[in-house]
Amino acid sequence: MDYVLYFDYAAVMLMIALGNHFFYSKTIKNQRLNIFGVLIMTISVATVLDIVTVLLNGNMHVPVWALYLLNGVYLQEVSVVTCIFVVYVYIICNEGKTIGLKEYMALSSIEFLYGILLLLTPFNSWIFYIDENHKYYHGKYSYIMYVIAVFYILFGIFYAYRNRRKLSTWTRFSLLFYPFAMIFTIILQILIPNILLMQFVAAIACQLIIFSIENPQDYKNREFDIYNMKAFGEAFQYEVYKNKAFKMLALKVSGIRSIHDLMGINAGRAASKAIIDYMLTIVNRRKLYYLEDDMFCIMGDYTEAEWAKIREQISDRFRRPFEIDRVPLSFEVYMCVISYPDKASCLDDAIEMMNYALREAETNTHKPIVYADANILEQGHRETQIVQVLKNAVKDKKFVVYYQPIFNTNEGRPTRAEALVRLIDDEMGFISPDEFIPIAERNGLIVDIDSIVLNEVCKFIVENKLWERGIEKMDINLSAVQCMQEDLSYRILDVMEAYQVPYKMINLEITETAAIASEDNLRRNMERLMAKGVNFSVDDYGTGFSNISTIIDYPFTVVKIDKNMLWKAMKNRQAMMALKHTIEMLFNMGLEIVTEGIEDKDMADLLVELNCYLHQGFYYSRPVPAEQFMDYINK
């Protein structure tokens, strides 16, 4: 039989191009890519052997044993291609799961039996035989190879279809192209046996897969030519598959996004590149991953001494500015260390730990390096729960407003109060505002919460006509996010006017941090609201470093002294002097003074002595629900 080799020659050219692209570009190691690499090599070997066995067929100069060997290896390679493809499909459909030796053996067991038949073929001629003229002929059981191929193909189709919801449309198409094309080719091969098509079709299928599923460039940040988040996930799973202990050092660089926003895209890119270029001077490119705009990760099996040196080098470098477009710019870097398997047991845990630990490092500046553990993960899971509780509470308006009276010692009664939001969930119970408010700010829910509180307070004031019951002011906290809104004043006035709340009843509390962050927007909003009669107070005075300048720069009428300043004064002589001078200074500036945190009579008497007559604290009343507040002021 005269065989047509043109399609085999084309397949060889395709596989050379394909292999060069894949193996030259491939740097990430994982089970799936390794199996796909084996598939490429197997198809390449099968194609070359197909050509060689055809060219040597009938050649009397080649020993019979060599012809048996070459043809046997060829048939085994052709048969094993479909088996490897099924293993590849199995791995893709079980993404994130480590495939063990038992599963490999189960999937390849039929191929193993076929290999035994090929070994016995020189003795029984079941699969093929070589005659005295060194010609190749099919044996009476040669069809077994096609049966095995069809079995694996059908299994691959079934398994891909069964797991279709796990796969994208393009992935499903790419995986199903090979089995259906091979079924068509096998039928054609049986009908026209002299035209060798199988390797060509296999090469086309591989070409489709590599450009749709296994493109090595998908694992890189193309702008900076380093690994991305997808590569990190694959590398993590491969290290798990190797059953090795390893560590990760995650980094968050604070300031990159600000440069991007303030100086433009090009400056932001230049900043990222400068940081990446430095990182590549201390670690290998294959160990560095660019996860987000300001997040990086180093993963490897370094020794403790090497990890310590890397952390020290990074900390030392970030103490000095980077030069971006000839401008020296400083960045803060926060780090967390994650260990597998003793701390993070899977990829999802590692990523969650990374995010939570870096957030903790960023909020607790005295802990620039956090060692992630189960506690971090537990805190993260709790935060996720709280976010969902907050979303539901915003949707269903389930927040509760408590009121804490502010006692006026000159008049012997409460003359104002502070509205404080509370969150009580059916499952999680009471969630402290110290916990849920920062979470709401991070997740963009604080504006909705503030709006709910403002509406509830205005409704409460009007329904109970608090001005007739001696309450002259109601203090409402403004979040930092609210202070940044250009239309804040209009939003507040719309609500007050909707409920017809007297403007002078509302006093808005702002922290120094919020004031500094908002500046021009806040000042314009304050002027609009104060023109209507709304007052403002600076909250938590005594906890920052520039409160005096903030008070001077903004038109505040009230200052609320933080409880810690009072508590320290009760124990420390110098703190007492600071409190006395602060109250005297604020009094001379014509500002009203409210002191928080009064818990006993000694504190109250001290403040009266210091000419501070507006008191807020548990000594007078805890924050209470609306009904209890009304009972308190009606006494």
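The values are calculated or read from the model by the stated rules, or taken from the named source; none is laboratory data. Note that the coordinates shown come from a computational prediction; the quantities given were computed from them, not determined experimentally. Note: ideal-geometry Cβ built from the backbone for every residue, glycine included; neighbour counts use all protein chains shown. Surface areas here come from the heavy atoms of the whole protein model, side chains and all, with no ligands, DNA or RNA. Shrake-Rupley method; radii C 1.70, N 1.55, O 1.52, S 1.80 Å.
Here are the numbers for the structure shown:
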{"quantity": "Crossing angle, helix 101-124 versus the chain [Cα axis fit, 0-90 degrees, rounded to tens]", "calculated": "10"}
{"quantity": "On Cα atoms only, tilt of 347-363 relative to the major axis of the chain in degrees", "calculated": "30"}
{"quantity": "Computed label-point distance, nm, for sites T409 and N243 using a 7 Å Cα→Cβ extension", "calculated": "7.3"}
{"quantity": "Between segment 524-573 and segment 272-345, the Cα center-to-center distance that results, in Å", "calculated": "40"}
{"quantity": "Within the accessible area of the chain (1.4 Å probe), percent carbon and sulfur", "calculated": "55"}
{"quantity": "Förster radius 45 Å - calculated FRET efficiency between R285 and R524 (Cβ-Cβ, nearest 0.05)", "calculated": "0.35"}
{"quantity": "Low-density loop cleavage sites - GluC sites (Glu not before Pro) in segment 565-635, where at most 15 other Cβ are within 10 Å (DSSP)", "calculated": "E599"}
{"quantity": "Nearby aspartates and glutamates by direct alpha-carbon distance to K473 (threshold 13 angstrom, same-chain neighbours under 8 apart not counted)", "calculated": "E418, E509, E592"}
{"quantity": "Extension gain, D2 back to R164 (0.36 nm per residue minus Cα-Cα distance, nm)", "calculated": "54.1 nm"}
{"quantity": "Per residue, in Å², the accessible surface of the chain once ligands and nucleic acids are set aside, probe 1.4 Å", "calculated": "49"}
{"quantity": "Neighbour-limited loop hits for trypsin sites (Lys or Arg not before Pro), segment 220-264 (at most 15 other Cβ within 10 Å; DSSP other than H, G, I, E, B)", "calculated": "R222, K242, K244"}
{"quantity": "Solvent-accessible area of W126 with every protein chain in place, 1.4 Å probe, in Å² to the nearest 10", "calculated": "90"}
{"quantity": "Potential lengthening between K395 and K580 on full extension [0.36 nm per residue; Cα-Cα distance subtracted]", "calculated": "62.0 nm"}
{"quantity": "Point-to-point label distance, N588-R491, nm (Cα→Cβ direction, 7 Å offset)", "calculated": "4.0"}
{"quantity": "Residues A10 and E306, FRET efficiency given R0 of 51 Å [Cβ-Cβ distance, rounded to 0.05]", "calculated": "0.55"}
{"quantity": "Above-threshold pairs, the threshold being 24 Å between Cα atoms, out of K220/K247; K102/K140; K29/K166; K571/K601; K465/K563", "calculated": "K102/K140; K465/K563"}
{"quantity": "Trypsin sites (Lys or Arg not before Pro) restricted to segment 127-209 and DSSP loop, no more than 14 other C-beta within 10 Å", "calculated": "K135, K140"}
{"quantity": "Nearby aspartates and glutamates by direct alpha-carbon distance to K391 (threshold 13 angstrom, same-chain neighbours under 8 apart not counted)", "calculated": "E383, D425, E441, D448"}
{"quantity": "Förster radius 22 Å - calculated FRET efficiency between L56 and L191, Cβ distance, rounded to 0.05", "calculated": "0.30"}
{"quantity": "Label-point gap, in nm, between T513 and S451 - each point 7 angstrom along Cα→Cβ", "calculated": "2.4"}
